[in-house]
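Here is the structure we will look at.
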Amino acid sequence: MNHLNLEEFERKIEYSFSDKGLLILALTHSSYANELKKGNHENNERLEFLGDAVLDMVVSEYMYQIFPKMPEGELTKLRAAVVCEPSLAGLARKVGIGRCILLGKGEESTGGRNRDSILADAFEAIIGAVCIDGGIDAAKGYVMRFMEEQIAHTKNNFKNLDGKTHLQEVIQKISKIPLEYRIIDEQGPDHNKMFLAEVIHDGKTLGKGSGRSKKEAEQTAANNALEHMNG
């Protein structure tokens with residue numbers, strides 16, 4: 001990635017880095033670092049770890065302030081829907097992270113540039129990079145530039161944030177066959193594992209979703225199924 005491309009990307013995300021190396025690191029996938037035989041720390045995984053924590057904190061604080069009567073359980077469900085992998089990957093696509101991320105040849109050849117997990121991790125890594133580069137206030141401003149609309153949209157479109165219960169109610173009106181949830185994939189190290197779930201009814205996959213726990217992945221899959229039904 002040359003300097004011009006960095007400047008174009010910074011304009012897209014509306015943040016200019018003092019340390020351009022942080023932005024490059026945030027966009028460096030482990031597969032690219034491995035091919036160049038760089039150290040284990042010379043990829044975006046540590047920045048993603050930081051960005052994930054900052055994102056949760058900023059979104060939690062905002063929702064606490066903006067929804068003063070929402071109980072803790074509903075706040076938790078809303079936050080999970082907002083910061084889930086598909087949501088973050090969608091935001092990453094909006095700012096063109098897929099075109100800029102540095103990938104190894106293997107990941108490139110298997111469609112990694114458009115893979116939700118890679119895009120979501122890079123989105124969080126950039127949050128971490130902004131936090132280190134400009135401080136927590138800069139990170140808050142950066143996060144909320146994307147998340148304010150995302151939170152409002154998610155809240156308006158998830159009248160019942162317990163997707164599994166809502167989906168069960170919908171299916172029971174038309175069928176006596178129970179829903180089935182399956183965990184179909186696990187990725188990442190034990191401390192940062194991602195699960196992919198699908199929800200099945202009468203042999204047909206209704207939706208898929210991922211999350212940092214099996215329960216979150218099942219909820220995301222249920223919400224995905226509801227989106228398809230409502231679409």
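Here's the list of lysines a cross-link from K94 could span, going by alpha-carbon distance under 29 Å and ignoring same-chain residues fewer than 8 apart: K12, K20, K77, K105, K140, K155, K159, K164, K193, K208, K214, K215.
Evaluated with a Cβ-only charge set (Lys, Arg +1; Asp, Glu -1), region 1-122 carries a dipole of roughly 300 debye about its Cα centre, given to the nearest 20.
Separation of region 118-152 and region 198-216 by C-alpha centroid, Å? Between the Cα centre of region 118-152 and that of region 198-216, the gap is 28 Å.
This structure gives Cα extents along the principal axes in Å, computed directly, and of (1) 59, 43, 31; (2) 45, 39, 39; (3) 59, 39, 32 that value is listed as (1). How would you classify region 98-221 from its alpha-carbon gyration tensor, with a ≥ b ≥ c the square roots of the eigenvalues: rounded for a/c under 1.5, else prolate if a/b is greater than b/c, otherwise oblate? Taking the square roots of the gyration eigenvalues as a ≥ b ≥ c, region 98-221 is oblate.
Using a ≥ b ≥ c from the Cα gyration tensor of region 156-225 (square roots of the eigenvalues), is it rounded, prolate or oblate, where a/c under 1.5 gives rounded and otherwise the larger of a/b and b/c decides, a/b for prolate?
On the way: a/c = 2.99, a/b = 1.62, b/c = 1.85.
Oblate is the answer for region 156-225, as a/c is 1.5 or above yet b/c matches or exceeds a/b.
Please state the charge dipole magnitude for the chain, taken about the Cα centre, from unit charges on C-beta atoms (+1 on K and R, -1 on D and E), reported in debye and rounded to the nearest 20. Intermediate results must be reported in sequence, preceding the final value.
Values: 29 positive and 35 negative charges, 114 e Å.
With Lys and Arg at +1 and Asp and Glu at -1, about 540 debye.
Take the Cα of K215, go 7 Å toward its beta carbon, and the backbone nitrogen atoms of region 178-201 under 16 Å from that spot belong to 195. For the chain, the longest principal axis of the Cα atoms and the long axis of helix 214-230 meet at an angle of about 70 degrees.
Only Lys, Arg, Asp and Glu count, each charged at its Cβ (+1, +1, -1, -1), so figure out the dipole size of region 163-230 about its Cα centre, rounded to 20 debye. Mind showing how you got there, number by number?
Details: 10 positive and 10 negative charges, 29 e Å.
Roughly 140 debye for region 163-230.
Read-outs: derived from the displayed coordinates by stated rules, not from any lab. These figures come from a predicted structure and were not determined experimentally. Ideal geometry is used to build each Cβ from the backbone, glycine not excepted, and the neighbour counts take in all protein chains shown.
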